[in-house]
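The values are calculated or read from the model by the stated rules, or taken from the named source; none is laboratory data. No experiment lies behind these values; they were computed from the predicted model shown. Glycine gets a Cβ as well: all are built from the backbone with ideal geometry, and neighbour counts include every protein chain shown.
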Amino acid sequence: MVTEAPATRAQSLATTIERHIVDARLAPGDPVGTIDEWRARSGFARATVSEALRLLVDRGQIEIRPGRGGGVFVARTGPVVRLRHTLLSVHGEATTLADAIAIRESLEPLLILDATRARTAAHVRALRTGVAAIEAAIDDHDAFIRAIWHLHELIAAITPNAMLRAMYLAMLQLIDEHAERATATDSGDDSSAYREHRLAVHRELVDAIESRDLERASRAIEAHRAEAAAGADDGARS
């Protein structure tokens with residue numbers, strides 16, 4: 001039996017810095033700190049900190065700028081998936097994420113119709129909670145997008161088709177694992193209006209599921225698909 005070697009101090013620190021970038025919701029170009037700051041935070045020697053940062057540079061996670069005003073910054077050149085008003089910063093291959101999004105969108109009509117037929121009162125309560133979470137996150141683009149993904153996860157949980165559910169949830173998990181951060185391509189009123197529109201589309205989706213009206217659900221699906229098609233631009237880029 002082959003066992004993995006324990007992580008070195010540099011590898012452990014690199015993981016800590018990566019977690020800091022995600023937890024602090026740092027965007028490309030945001031400062032991560034300096035070598036001296038990470039020495040103080042970690043207690044590691046300068047050589048260990050430098051090695052951890054080199055690992056992150058090699059992974060495309062950070063860039064180091066020398067001189068006055070320099071330091072450690074989130075890399076600007078990482079792969080991105082563009083979806084209308086949203087840019088998804090990607091960990092790994094952008095094409096993988098774009099493919100997962102395309103598969104997810106192709107399965108959603110089947111799931112929504114299944115949910116309309118099979119939903120229970122408990123399901124509807126869960127969906128209403130999901131819509132409320134979307135509305136609560138409307139001022140935070142990343143949280144807003146992830147709340148929408150969670151609502152679709154709740155919809156998928158309703159279908160009695162175990163294989164369909166498993167395929168869809170696998171795509172959602174892949175998307176969640178690879179998408180580091182969602183940022184708005186616009187600012188101000190344009191982005192706010194877009195999020196208000198998406199909230200309305202998903203609220204109607206839940207209303208249609210609750211109604212058990214398949215025709216209404218089909219119209220809601222078309223509105224949702226039109227939104228997705230309008231936002232599908234060119235998929236992945238670096």
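For this structure, a couple of remarks:
- Comparison of Arg128, Arg104 shows that the only residue that is part of a helix (DSSP H, G or I) and within 21 Å of Arg181 (Cβ to Cβ) is Arg104.
- Only a single item in (1) closer than 30 Å to Gly60 by Cβ; (2) assigned to a helix (DSSP H, G or I) is not met by Leu199, and it is number (1).
This table checks each residue for (1) at pLDDT below 95; (2) buried (at least 21 other Cβ atoms within 10 Å of the Cβ); (3) not aliphatic (A, V, I, L, M).
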| site | (1), (2), (3) |
| --- | --- |
| Val90 | yes, yes, no |
| Glu93 | yes, no, yes |
| Glu105 | yes, no, yes |
| Ala157 | no, no, no |
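- Taken over region 140-177, the residue count meeting the criterion of being over 17 Å from Glu105 (Cβ atoms) and not in a helix (DSSP H, G or I) is 5.
Conditions (1) within 20 Å of the chain's Cα centre (by Cα); (2) at positive phi; (3) aliphatic (A, V, I, L, M), marked per residue:
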site	(1), (2), (3)
Pro28	yes, no, no
Trp38	no, no, no
Arg46	no, no, no
Leu53	no, no, yes
Ile64	no, no, yes
Arg117	no, no, no
Ala133	yes, no, yes
Ala137	yes, no, yes
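- Taking the criterion of being touching a residue at least 40 places away in the same chain (Cβ under 8 Å) and in a helix (DSSP H, G or I), the residues of region 113-122 that qualify are Leu113, Asp114, Ala115, Thr116, Arg117, Ala118.
- Options Ala40, Ala47, Ala100, Ala52; residue that is within 25 Å of Thr8 (Cα to Cα) and surrounded by 20 or more Cβ atoms within 10 Å (Cβ to Cβ): Ala52
- Hey, Val49 within 21 Å of Leu88 (Cβ to Cβ) and either in a strand (DSSP E or B) or in contact with a Leu (Cβ under 7 Å, 6 or more places away or on another chain) (or both) or not: no
- Within region 19-41, residues that are at pLDDT 85 or above sit with their Cβ atoms under 7 Å from residues that are surrounded by fewer than 12 Cβ atoms within 10 Å (Cβ to Cβ) and in a helix (DSSP H, G or I), at 6+ positions apart or across chains, in these pairs: Ile35/Arg46; Arg39/Arg46.
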